[in-house]
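Read through the structure below, which is laid out as structure tokens, and then see the notes.
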Amino acid sequence: MANNEKIEFTVGKRAFFLQFLSILSGYSMMLDMGAQSGWPSPALPYLKSENSKFFLSKATSAWLVSIINISGIIGTITATFLMNRIGRRLTLLIFALLQLISWILVYFAENLQYLFIARFFVGLSSGGPFVTLPVYIGEISHKNYRGTLLSLDKLFLSIGTFFINVLGLLPYRTMNLIMILVPILSLCLFSLMHETPYYLLMKNRDDEAIETLMKLLGVKKRELIIKDIERMKNSVIEYRKCEKNSIYQVFRDKGSRRGLISFIIAELTFVFSGIIAIHAYAQEIFSYSESTLRPVYASMIMSGVQIIAGFPSSRFSDKLGRRPIYLISGLTTALTLGIVGLFFFLKYFLLMNVSKITWLPLIGLILYQFTCNIGITTIPFVYSGELFSIKVKGVAIMFCAIIGSVGSFLTKMMIPFVNDFAGIYTTFWIFASACVIGPILLVVITPETKGKTLEEVLELMREKNKMRNKKEKCFVT
């Protein structure tokens, strides 16, 4: 039996479990990010109430919700700089500590200025895992499970959003106090995390890389993983040749540009599908429907359904392929958003009596969780770990994360103002349009990457872009 066949035979449920354990601390950090992103939904009603010590205007509320996306850019750039110098593992540890600090600051904030500082730290701490964790997962996971493990990022984000909505039933300060426990959990799980074999090879720690890969695959014989180690070494050699010019390489090499364009399209579609903004303003959105069901409960139901919707999605991309599932997700998501927009159009523009269908926005947004989680919200996490070579991956993800942060900032800022000036139905129709345009563009330009090693994916991305001469070899992704 050949080495690659032996590895395929050996890598099974045990290897998946070992790799999952190694990522568990990172998943806990993603849960924290989901909670921080969804925090405004239960927090804003209190902060605007008579019991609050704060006074929030519409503009102030929008800034409080959106500021984390601005400071997130700083966290993203910092993480990109750190992870190739101190390692993926230690970089995640630093940002887990920042998450702990941010919740402590939120808890003790007694005025609006301190609350803005706290939310600034929230964004700073979120930028790190967003750019580092996909790189980490992509480098330690086996190709058979990479899509699943990368998709679980989104699942834990959803769990965090649901968790904060449930805690929203408690007093404001109690909610913030309990959330301090989440980054503490991340720090406790940190001992299970291994450094990636790729990074260890980058630092000439070959023996550690071999031992780590054996642990992650659950094998005891070195000969079973030597071929993988050699493949990783070749990638590291290419990285070292062009390490100082990684920013230039992302744009200079045609294959890297193709991957970057694909990732940007996926990231912007994810952002302008409205998933982040809708959860941030969930209670406010449900209040527009004037349903008999309280907005707090409607928000809990929607975020809870998102978790259920996320479970099957974690395997869809590995079973059906990235492109078909993404296109299906986009078109069906556009349909659900369009229907919700139609309800508000009938109610607020045509002034029709919709009292008998006030349940429609909740049902529409429940279906939206399923359709969106099939592909639109999961494929960007998958692509972040598999479209780029080791030498440009950090820079490429950083660049896309910055674009995503700006997009998230715009969607969160626009919701209260578009709702007032053009109607809430316009907001939903804008999101629906993005869900049609983005997937069609992505399917046209991006090859299928299901079941491929990282190196095979990179070959696909440059397939139509063969280099013209040996001088360009430095820029091969």
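The angle separating the long axis of helix 424-445 from the principal Cα axis of greatest extent in the chain is about 20 degrees.
Using a probe of 1.4 angstrom, how much of the accessible area of the chain is carbon and sulfur, in percent? Don't skip to the answer; put the middle values down first.
Values: 12790 of 19070 Å².
After summing per-atom areas, the C and S share lands at 67 percent.
I'm a student and want to see the number: the projected area of the Cα convex hull of the range 116-262, averaged over all directions, in nm². Intermediate values should be presented prior to the final figure.
Numbers: hull surface 48.4 nm².
Its Cα hull, projected and averaged over all orientations, spans 12.1 nm².
Pairs to check: K221/K254; K154/K203; K347/K412; K391/K412. Give those whose C-alpha atoms are more than 29 Å from each other in this structure. Where the Cα-Cα span goes over 29 Å, the pairs concerned are K221/K254; K154/K203; K391/K412.
Work out the length of the dipole vector of the chain about its Cα centre, built from +1 on the beta-carbon of each Lys and Arg and -1 on the beta-carbon of each Asp and Glu, and round it to the nearest 20 debye. Walk me through the numbers on the way to the answer.
On the way: 49 positive and 30 negative charges, 232 e Å.
Dipole of the chain, to the nearest 20 debye: 1120 debye.
Work out the charge dipole of the chain with +1 on the Cβ of Lys and Arg and -1 on the Cβ of Asp and Glu about the Cα centre, then indicate which of I226, N419, L337 is farthest towards its positive end. Comparing the listed Cα positions along the dipole, I226 ranks first. Projecting the Cα atoms of G123, L150, V135 onto the charge dipole of the range 105-174 (Cβ charges, centred on the Cα centre) puts L150 farthest toward the positive pole.
In a simple Cβ point-charge model (Lys, Arg +1; Asp, Glu -1; nothing else charged), the range 22-158 has a dipole of about 260 debye relative to its Cα centre. From the alpha carbon centroid of the range 393-427 to that of the range 251-282 is 11 Å.
Within a Cβ distance under 10 Å of E448, other residues only, what is the Lys/Arg minus Asp/Glu net charge? Local net charge: +4. Express in % the proportion of alpha carbon pairs of the range 76-132 at distances exceeding 16 Å. Every Cα pair in the range 76-132 considered, those over 16 Å come to 41 percent. Between the entries (i) -0.46, -0.58; (ii) -0.66, -0.79; (iii) -0.57, -0.70, the label attached to log10 I(q)/I(0) by the Debye sum over Cα atoms at q = 0.08, 0.09 Å⁻¹ calculated for this structure is (i).
Its relative contact order, with pairs defined as Cα atoms under 8 Å and 6+ residues apart, puts the chain at 24 percent. Against the compact-protein benchmark of 2.2 N^0.38 Å, the Cα-based radius of gyration of the range 120-160 scales to 1.29. On the principal axes of its alpha-carbon atoms, the range 288-384 has extents of 45, 25, 20 Å, going from largest to smallest. For the chain, the longest principal axis of the alpha carbon atoms and the long axis of helix 88-108 meet at an angle near 20°.
Qualifying trypsin sites (Lys or Arg not before Pro) in the range 18-65, where qualification requires a DSSP coil assignment and no more than 13 other C-beta atoms within 10 Å, comprise K53. Per residue, the accessible area of the chain comes to 40 Å², computed with a 1.4 Å probe over protein heavy atoms only. Above 21 Å, the calculated P(r) of the range 7-158 contains 49 percent of its Cα-Cα pairs. Between the listed residues I178, V382, I164, the Cα displaced farthest toward the positive end of the dipole of the chain, a dipole computed from Cβ unit charges relative to the Cα centre, is found at V382.
Express in whole angstrom the spacing between the alpha-carbon centres of the range 31-76 and the range 207-233. One Cα centre to the other: 45 Å.
Rounded to the nearest 500 deg cm²/dmol, what is the calculated helix-only ellipticity per residue at 222 nm for the chain, with -39500 (n - 2.57) per DSSP H run of length n ≥ 4? Can you show the working numbers first?
Details: 23 runs with 362 residues, N = 477.
When only DSSP H runs of four or more count, the value is -25000 deg cm²/dmol.
The values are calculated or read from the model by the stated rules, or taken from the named source; none is laboratory data. Note that the coordinates shown come from a computational prediction; the quantities given were computed from them, not determined experimentally. All Cβ positions, glycine included, derive from the backbone under ideal geometry; neighbour counts span all protein chains shown. What goes into the accessible areas is simple: the full protein's heavy atoms, side chains included, and nothing from ligands, DNA or RNA. Shrake-Rupley method; radii C 1.70, N 1.55, O 1.52, S 1.80 Å.
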